[in-house]
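No value in this document is a laboratory result; all are computed from the given coordinates. Treat the numbers as computed from the prediction; the structure is a model and nothing was measured. Quick reminder, even Gly has a Cβ in these numbers, built from the backbone with ideal geometry, and neighbours come from all protein chains shown.
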Amino acid sequence: NTALEVRETAIRNEQEELERHWLEAKHVELDPAHLELERLNEHKDEILRIVSHDMRTPLSTIIGMGNLMRTEGLSSSDEGKEYGSIIEESGNRLLHFINDLLDLSKSESGGFRLEAVRTNLIELLGKTVHIFEPLAERKSISLTLNHDPEIPDIIIDGPKIGQVMGNI
């Protein structure tokens, strides 16, 4: 029995040694791939930063023009002021989306946080409905928000919930 046990131990040791060599070989193969993934991830983050920055400048102009249409009388009709309001709200929504792109990059590096604040849900949903009303009207769709007037404020990340509602 001892000769058999010695042989079994030798086989187990040989098998463990082969497994160690195989794992070391795989590690050597994966190490360059890992380095390449890190490089690509850094490149993606840089692109997100550049694109986000380059989009903010024209977007700020669009938001400003919508605000002027709404508040400064650049449009003599109520409909024009309404469109100015929609342009401004949509621009702000897009600005939040751009910021979310940066948040995505932050989340991958562990820096993403939700901002939970007291939010009037009905007001938030009303803004979403307001943005889509012209599109609904053009398609002869009635878009209304029915709600219980007693719904209290809730603690949520309003801009992110607004984004989700706009995507539905």
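Restricting the calculation to alpha carbons of region 13-93 gives Rg and Dmax of 27.6, 88 angstrom. Quick check: the angle from helix 158-167's long axis to the longest principal axis of the chain, C-alpha only, nearest 10 degrees? Between the helix axis and the principal axis of the chain, the angle is about 90 degrees. Among the listed options (1) 1.16; (2) 1.03; (3) 1.35, the one matching Rg/Rh (Cα atoms, Kirkwood Rh) as calculated from these coordinates is (3).
Using the average count of surrounding beta-carbon atoms within 10 Å as a protection proxy, the listed peptides 89-102, 50-63 rank, highest first, as 89-102, 50-63.
Stretched out straight at 0.36 nm per residue, the stretch from M65 to Y83 would grow longer than its current Cα-Cα span by 5.4 nm.
Seen against the Cα atoms of the chain and their longest principal axis, helix 2-71 is set at about 10 degrees. Note on E8/A33: beta-carbon distance plugged into 1/(1 + (r/R0)^6) with R0 of 35 Å gives a FRET efficiency of 0.40. Between 0 and 90 degrees, the angle of helix 121-138 with respect to the longest Cα principal axis of the chain falls at about 70 degrees.
Label-to-label distance, D45 versus L125, with points set 7 angstrom from Cα along the beta-carbon direction: 3.9 nm.
Ellipticity at 222 nm from helices only: DSSP H runs of n ≥ 4 in the chain, each -39500 (n - 2.57), divided by the residue count, give -28000 deg cm²/dmol.
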